[in-house]
Amino acid sequence: MGGTLMSKVKYNRIILKLSGEALAGDRGFGINPPVIKDVATEIKDIFEMGVQIGIVVGGGNMWRGVAGQEMGMERAQADYIGMLGTIMNGLALQDNLESLDVPTRVQTSIEMRQIAEPYIRRKAVRHLEKGRVVIFAGGTGNPYFSTDTTAALRAAEIDADAILMAKNGVDGIYSADPRSHKDAVKYDSLTYMDILEKGLKVMDSTASSLSMDNHIPLVVFNLNKPGNIRKVVSGDSIGTTVKEK
């Protein structure tokens, strides 16, 4: 397992939520090798601090449900294709982490025994305790649920101290999209009720409710700035922190 720096760590066990778009980088689609390598290096950094790391990956760089809708595809079918995209991302991330000597296990909510373990909560916790990174792929295994909801669900199941939501180029939660609204105001801290009442598009309402009900703080930050993941787990005030109250 990592080093002896636990005293400097604010969050000892985390769920890191990586969107598919974050792995695509500027390309916007597919897996961008230099980007995924950089992400793996950042994860290794906090792994060496002794942090127990669970990762939930999205699949938007592989497949978007909108594409399925345009084809007239049934929503459930489109969602299943998206889940398979998250598994592809999970395997690519595992390979990059292990090339950096970070022991990693992929667990999938849809059984794929030849390439990954099935998701078993107790086994996942054991991996974390033994100093292995666990990548949770395949979403919840059910259609109609986002990978944000997966992050909230897995965080509750493994008793994580926080969900770290890594954004592609956006350094927190704003009153509107800062890329298209120059007057958007950044929030340093919010409550989950604020998110629901203000209709802020941070995570979907199911994920927000689940996190709120299970008292799990959420930190939204910019993934593209080197060292940011380390800063969040160390308790530095970057990004936006969302709490129950």
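Any read-out appearing in this document is the output of simple, stated calculations on the displayed coordinates, not a laboratory observation. The structure presented is a predicted model; accordingly, all values stated were derived computationally and were not measured. All Cβ positions, even for glycine, are placed from backbone atoms using ideal geometry, and neighbour counts span all protein chains on display.
Beta bridges assigned by DSSP with both partners in the chain are antiparallel in approximately 15 percent of cases. Length gained on full extension, Glu70 to Asn222: 51.6 nm, using 0.36 nm per residue less the C-alpha separation. Return, ordered by residue number, the residues of the range 68-96 whose backbone nitrogen is under 13 Å from a label point located 7 Å along Cα→Cβ of Phe29. So the set is 68.
Across the chain, the longest piece that holds none of the chymotrypsin sites (Phe, Trp or Tyr not before Pro) lying in DSSP loops with up to 14 other C-beta atoms within 10 Å covers 30-143. Between the alpha-carbon centres of the range 173-212 and the range 82-106 there is a gap of 29 Å. Quick one: net charge of Ser234's neighbours, Cβ under 11 Å, K/R +1, D/E -1? For residues surrounding Ser234, the net value is +2. FRET efficiency for Ser237 and Asp177, Cβ-Cβ distance as r, R0 = 35 Å, nearest 0.05? The calculated FRET efficiency here is 0.95. Taking a ≥ b ≥ c as the square roots of the eigenvalues of the alpha-carbon gyration tensor, the range 156-245 is classed oblate because a/c is 1.5 or more while a/b is no larger than b/c.
Could you tell me whether the chain comes out rounded, prolate or oblate from its Cα gyration tensor? Rule is a ≥ b ≥ c as square roots of the eigenvalues, rounded for a/c under 1.5, then prolate if a/b exceeds b/c, otherwise oblate. Cα axes put the chain in the rounded bin.
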